[in-house]
Amino acid sequence: MSPGKKPGALAEKLERLGITRREDLLLHLPLRHEDETRVTPVATALSAALSADETGSVQLQGAIIDSQIQFRPRRQLIVRLADVSGAITLRFLSFYPNQMAALAVGNQVRCVGEIRQGYFGAEMVHPRFRVVLPDTPLPETLTPVYPTTAGLTQSALSKLIDKALSEAPLDETLEAEFLAKARLPTLWDALLFLHHPPAGSDAHALVDRQHPAWRRVKLDELLAQQISLRRAYRARREIGAPRLAARGALAAALVRRLPFSLTHAQCLVFTEISADLNAPYPMQRLLQGDVGAGKTLVAALAICQTVESGWQAAFMAPTEILAEQHYLKLVDWLEPLGVEVVRLLGNQKGRARAARLAAARTAGLIVGTHALIQEGVDYERLALVVIDEQHRFGVQQRLALCRKGRAPHQLMMSATPIPRTLAMSYCADLDVSVLDELPPGRTPIRTRLARDGRREEVMAYVRKKVAAGQQVYWVCPLIEESETLQLKTALETHAWLAEALPELCVGLVHGRLKSAEKQAVMAEFAAGKMDLLVATTVIEVGVDVPNASLMVIEHAERFGLAQLHQLRGRVGRGAHESSCVLLYAEPLSPTARARLKIIFENNDGFEIARQDLKLRGPGEFIGSRQSGLPLLRYADLEADADLVETARALAEILLTRFPEKANPIRKRWLGEKEALLKA
Ligand code: ADP
Ligand code: MG
């Protein structure tokens, strides 16, 4: 080791790539390959480059016939390389003395790069090159190009990987018969192939990762994910949980008191949940349903079953506005049935807080925000945890609430629908229920797009709605970078709307208000004492005021798709025809344009989520925080949907019949990275 180089420097760089074990090296696969198994005559390469826009890289070999440093427009090294067919320019914008020496006239050089049309004709800029003898043999396999990190060269990384490949092969888990039928190679063969495809393989065709070798690797990756999640799922069934075996009198009483009947979907989903609650192990169920599908009522039925069985339920919502609203609704539904409902918010202090905490110990239902998981908050018999808008919470917060009981049942609700492929992979440790039907009588929301300049027309529309006795939300632009600026904009928007519409009662709600103030504003709006509510995204989720029939969103181009869909879902909750006006400022970026088009054309949250997934990819979409599992490296949920299904089935077989074979798969892909799943 050379002096000055700290020991462990290499290990550190490898760790930056996520490589700490031999398996990590084996699974560190090339981004692409370069074909250095062939040398293309210079003339052939030049004419190919002339006739096509993109040629990919080619390898040339020839003698250096000229080499000089030019100073205009900046210092650069210009080299001419010639073979029997022709000559080409190689241009280096930065270079070291030893590279200059290697490119001296008379040397035989092999270089790889893309040919581009420069000012002075066709050239290669910064090709990779090395000096060879005229008879130096060509490699027998394609050359891998690995993702790497600063200070670690391709060749150094390549050597480490080759060493790992030269050691004992990995055992094959899947049966030969299965692989033959699925037309897949063994994992070891797939890895050997992908690191070093034999000469003659098509480097360009490998890039889309649909080659059987790629598919075998992706199947293994998905299998590891499924094994890990399904193992967590099975482990939970070993944990004892209170059986909530109530006969269902309380839930039936609630249904009888409602002014409407349950939708078919609500009935089905509650039947599933009810069976889970009656089991001796903890439920972990994700309830998905589009905005307005009526998830809260399903939760209320589950709460009834809990309370009737003599246990407590906790209902956690991400914002105070939402928690307050749920509280009011649940009080309305449940108190007449004799259920004690307590609310815990962050703003309560002193003696009032002490009284609430005392009540929370034994109340049938506790509704609140993060305040539910604070220290000093205890529940004597917590058996059901409901988490509304679960994507707003981190894993840790969910677990913190669960720790307040002994393995309580968990019902997680989400109006940001997770597309099927995503749910099948990242949520494989959960049971999933879907409310795929909206309550009857909803009028579909009409969405309109309007350039910022058409504000006057929008104001006229607002007046018309209010004159008809309806109410309006006006959502302020999102300013992610600065909360102060966001607040300023909200205040300004409120000021000019109040001035422009003097005959209306205009209110304002934003995140900086004290929670009592927020609640007061929302209560006034809900009671119809206010015509127009100017709001920041604090009203994004859950808010339910049926008389509100128009929503205007300013600078809609700044919002994400899920956010727009959620916001829009605040209207269309009553009998009035509802609409949503998306004001946007030009120029629009291509993604912003795509988003607005999607939200304009679609009302179905699942379809929007699917398109969002395509636009953003699963990383952005789900965040590793949801499951605690790292994101997939190679598999693509859209393109490899069939492999997800296969992996799911195989994982069940392995876990049931050959658990000893399942472990190595899980370990080689996940190592220590699945800690969060244990809970
Ligand atoms: P989300 O699924 O978005 O959380 P909510 O639970 O807020 O939806 O329900 C939206 C509205 O629909 C609420 O006012 C709720 O009382 C009402 N609702 C729920 N179920 C039904 C039903 N079966 N028929 C009519 N209205 C219903
Ligand atoms: Mg809701």
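The values are calculated or read from the model by the stated rules, or taken from the named source; none is laboratory data. Here the structure is a predicted model, which is why all the values come from computation and not from measurement. Glycine gets a Cβ as well: all are built from the backbone with ideal geometry, and neighbour counts include every protein chain shown.
Against the test of being in a loop (DSSP other than H, G, I, E, B) and of a type in the set (Ser, Thr, Tyr), the options Ser261, Ser274 yield a single qualifying residue, Ser261.
In the stretch 447-478, how many residues are among the hydrophobic types (A, V, I, L, M, F, W, C) and either in a helix (DSSP H, G or I) or more than 21 Å from Arg570 (Cα to Cα) (or both)? Counting residues in the stretch 447-478 that are among the hydrophobic types (A, V, I, L, M, F, W, C) and either in a helix (DSSP H, G or I) or more than 21 Å from Arg570 (Cα to Cα) (or both) gives 6. Quick check: anything in the stretch 546-560 more than 20 Å from Thr489 (Cβ to Cβ), buried (at least 24 other Cβ atoms within 10 Å of the Cβ) and either within 16 Å of ligand 1 (Cβ to nearest atom) or not assigned by TED's automatic domain parsing to the domain that holds Val475 (or both)? Yes.
Taking residues in the stretch 414-428 that are in the same structural domain as Ala299 (by TED's automatic domain parsing), and partners anywhere that are within 16 Å of ligand 1 (Cβ to nearest atom) and of a type in the set (Phe, Trp, Tyr), the pairs with Cβ atoms closer than 6 Å and at least 6 places apart or on different chains are Pro417/Phe606. A single entry from Gly528, Gly511 fulfils the requirement of being surrounded by fewer than 23 Cβ atoms within 10 Å (Cβ to Cβ), part of a loop (DSSP other than H, G, I, E, B), out of contact with any helix residue (DSSP H, G or I) (no Cβ under 6 Å at 6 or more places or on another chain) and not assigned by TED's automatic domain parsing to the domain that holds Gly294: Gly528.
Quick grid of which residues meet (1) more than 16 Å from ligand 1 (Cβ to nearest atom); (2) surrounded by fewer than 22 Cβ atoms within 10 Å (Cβ to Cβ); (3) aliphatic (A, V, I, L, M); (4) within 32 Å of the chain's Cα centre (by Cα):
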{"site": "Glu238", "(1), (2), (3), (4)": "yes, yes, no, yes"}
{"site": "Ala241", "(1), (2), (3), (4)": "yes, no, yes, yes"}
{"site": "Arg256", "(1), (2), (3), (4)": "no, yes, no, no"}
{"site": "Thr263", "(1), (2), (3), (4)": "no, yes, no, yes"}
{"site": "Val269", "(1), (2), (3), (4)": "no, no, yes, yes"}
{"site": "Leu277", "(1), (2), (3), (4)": "yes, no, yes, yes"}
{"site": "Tyr281", "(1), (2), (3), (4)": "yes, yes, no, yes"}
{"site": "Gln284", "(1), (2), (3), (4)": "yes, yes, no, yes"}
{"site": "Gly289", "(1), (2), (3), (4)": "no, no, no, yes"}
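How many residues does the stretch 41-85 hold that are β-branched (Val, Ile, Thr), over 44 Å from the mean Cα position of the chain (by Cα) and crowded, with 17+ Cβ neighbours inside 10 Å? Let's see the steps before the verdict.
Step one: filter the stretch 41-85 for residues β-branched (Val, Ile, Thr), giving 42, 44, 55, 58, 64-65, 69, 78-79, 84.
From what is left, the residues that are over 44 Å from the mean Cα position of the chain (by Cα) are 42, 44, 64-65, 69, 78-79, 84.
Within this subset, residues satisfying the condition of being crowded, with 17+ Cβ neighbours inside 10 Å are 42, 64, 79.
Counting residues in the stretch 41-85 that are β-branched (Val, Ile, Thr), over 44 Å from the mean Cα position of the chain (by Cα) and crowded, with 17+ Cβ neighbours inside 10 Å gives 3.
For Glu177, the conditions (1) at pLDDT 95 or above; (2) surrounded by fewer than 14 Cβ atoms within 10 Å (Cβ to Cβ) are fulfilled apart from (1). Here Val339 meets the list (1) part of a loop (DSSP other than H, G, I, E, B); (2) of a type outside the set (Lys, Arg); (3) buried (at least 24 other Cβ atoms within 10 Å of the Cβ) almost entirely, failing just condition (3). The residue that is farthest from the chain's Cα centre (by Cα), counting only those in the stretch 293-310 that are crowded, with 24+ Cβ neighbours inside 10 Å and more than 16 Å from ligand 1 (Cβ to nearest atom), is Val307.
Table: residues versus (1) more than 16 Å from ligand 2 (Cβ to nearest atom); (2) free of Cβ contacts under 8 Å to residues at least 40 places away in the same chain.
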{"position": "Tyr461", "(1), (2)": "yes, no"}
{"position": "Thr489", "(1), (2)": "yes, yes"}
{"position": "Leu501", "(1), (2)": "yes, no"}
{"position": "Ser515", "(1), (2)": "yes, no"}
{"position": "Lys529", "(1), (2)": "yes, yes"}
{"position": "Leu532", "(1), (2)": "yes, no"}
{"position": "Val538", "(1), (2)": "no, no"}
{"position": "Ala548", "(1), (2)": "no, no"}
{"position": "Arg558", "(1), (2)": "yes, no"}
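Among the residues of the stretch 386-419 satisfying the criterion of being among the hydrophobic types (A, V, I, L, M, F, W, C) and more than 16 Å from ligand 2 (Cβ to nearest atom), which is farthest from the chain's Cα centre (by Cα)? Walk me through how you get there before you give the answer.
Step one: filter the stretch 386-419 for residues among the hydrophobic types (A, V, I, L, M, F, W, C), giving 386-387, 393, 395, 399-402, 407, 411-413, 415, 418.
Filter again for more than 16 Å from ligand 2 (Cβ to nearest atom), leaving 395, 399-402, 407.
Values: Val395: 14, Leu399: 20, Ala400: 23, Leu401: 23, Cys402: 24, Ala407: 28 Å.
In this case the residue turns out to be Ala407.
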